[in-house]
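Encoded as structure tokens, the structure appears first; notes follow it.
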Amino acid sequence: MPPRWRRRHVTRWPPPAGAGGTVRSPRPPRAGPAPPPGHGCVRHRERTAAMFKALGDPVRLRRFSAVASHQGGEACVCDISDARVSQPTVSHHLKKLKEAGLLTSERRGTWVYYRVEPSVMAAMGRTLAT
């Protein structure tokens, strides 16, 4: 037999039938209307928050708007440069928008072309409509 200080009291949960004690009932259903489909997922909420956080910066919002409104639906870095902001700053903000899932990019020669992720506009519209 192990020493006294090594013994552990082991309990079984739920207790066997007839052992006395109470057994918890399942959690009652939530009150209020059910959330819309797709809005209960934690990852969905975190991704949506990251998108809007990325658009919270005025420079990023201007860059996103320039790409979204550009003819053909895509824009080259050279087309969306801003005279008020240096080129490394523009590249940094475009990178942050890409990391947030708002833009996709494609390298063609020495230029990088950005376009709005196809599902982003619809997802943002659904989020703002609810």
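The values are calculated or read from the model by the stated rules, or taken from the named source; none is laboratory data. Quick caveat, the model's predicted, so the values are computed rather than measured. So basically every Cβ, Gly included, is an ideal-geometry build from the backbone, and we count neighbours across all protein chains shown. Protein only, heavy atoms only, side chains kept; ligands, DNA and RNA dropped before computing areas. Shrake-Rupley method; radii C 1.70, N 1.55, O 1.52, S 1.80 Å.
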Just a yes or no: is a residue in the range 7-18 in contact with a Leu (Cβ under 8 Å, 6 or more places away or on another chain), modelled with pLDDT of 60 or more, not in a helix (DSSP H, G or I) and not polar (S, T, N, Q)? no
I'm checking my understanding of the structure. Among residues of the range 64-82 that are of a type in the set (S, T, N, Q) and more than 23 Å from the chain's Cα centre (by Cα), which one is surrounded by the most Cβ atoms within 10 Å (Cβ to Cβ)? S81
Any idea which of (1) more than 30 Å from C41 (Cα to Cα); (2) open to solvent by 50 Å² or more (accessible area, probe 1.4 Å) is the one V85 doesn't satisfy? (2)
For residues that are among the hydrophobic types (A, V, I, L, M, F, W, C) and touching a helix residue (DSSP H, G or I) at 6+ places or on another chain (Cβ under 7 Å), scanning just the range 78-111, find the one that is nearest to M124 (Cα to Cα). L102
Among the residues of the range 61-73, is there at least one that is among the aliphatic types (A, V, I, L, M) and at pLDDT below 85? no
